[in-house]
């Protein structure tokens, strides 16, 4: 393994800081609604590298490539489905260049998000077609210099399996995070507890797993709490929560999380044993710097109960509370078509 590999850093450090949001930070740099962030890898590479650098300056040990929507299915929405190899390879190369200039070990994680389609048997997309699309993306990210592949924001176990089998063709280690909705489960109704065993079964080369995105920091910590009791001592948990709750202000989406809230989210994540901690939608370099500062001197406290999380981060959904308390929520998640998510 290279000296800056994820496994090497995990063997040397009790926790690692992952970066924050990609798309929501690009909006402040000029990204227009409906524009594909992945195109910036060739049209505005300095903006892409600049955000990576800002996160590294804030303390990030892991940076995710600008390739979340880099599959042919997502890029087809922008008439760029024939540019998968070009855009993903460029995304990894930009991140790799910034990481190599950091003066310390920084892991480049090749971000692979969902296709935006619903896989069979619920939807129309065949798993084999999804796997081919993910394979094209994964190979390009590896060629560009990614150290690890990061499968994120997926809600379907079928899609996670397709992405994981595709990633296996590269031989790179894999991190996997799925996202939970208002019922405290994935969109397809998988509970946090069930997800731990599914990660083990579905993902070859798995080095870490957990949750990202979702509703807000409080619910994400709750999901990790529900997963915690199923995890062995050697397994690595990942938390990459949204920066508070999205709100519409003057026609634009803003996230309610302050640097102080994200600092407490980071500390609570460590308290429950999470070793890779970052931010998702709305998390800026300022938020990440505060999280880094909070973690540097933090001595893990007694693992919190869900009421402690609510007191420090705000309310959680009834589904999250139920799973944390070991009971099944009354409501059942219903599949719905995904919209393009830019985090």
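Taken together, the values in this text are just the output of simple stated rules run on the coordinates, not laboratory data. Because the structure is predicted, anything quoted here is derived from the model rather than measured. Counting neighbours? That spans all protein chains shown, and the Cβs are built from the backbone with ideal geometry, glycine included.
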If you stretched the chain out fully between residue 233 and residue 248, how much longer would it get, using 0.36 nm times the residue separation minus the C-alpha to C-alpha distance?
1.3 nm
Centroid-to-centroid separation of segment 163-194 and segment 240-285 [C-alpha atoms, Å]:
20
Multiply the residue separation of residue 200 and residue 256 by 0.36 nm, subtract the distance between their alpha-carbon atoms, and state the gained length in nm to one decimal.
16.7 nm
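Please give the peptides 280-289, 232-241 ranked by average Cβ packing (other Cβ atoms within 10 Å per residue), highest first, as a rough proxy for protection.
280-289, 232-241
Given the peptides 129-135, 154-160, arrange them by the average over their residues of other C-beta atoms within 10 Å, most packed first.
Those peptides, ordered most packed to least, come out 154-160, 129-135.
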Per-residue ellipticity at 222 nm attributable to helices in the chain (runs of n ≥ 4 DSSP H, -39500 (n - 2.57) apiece, nearest 500 deg cm²/dmol) works out to -12000 deg cm²/dmol
Could you grab the relative contact order for the chain? Cα pairs under 8 Å, six or more apart, rounded to a whole percent.
18
Kirkwood Rh in Å, taken over the chain so that all alpha-carbon pairs contribute:
19.6
The extension gain from residue 286 to residue 126, computed as 0.36 nm times the residue separation minus the Cα-Cα distance, is 53.5 nm
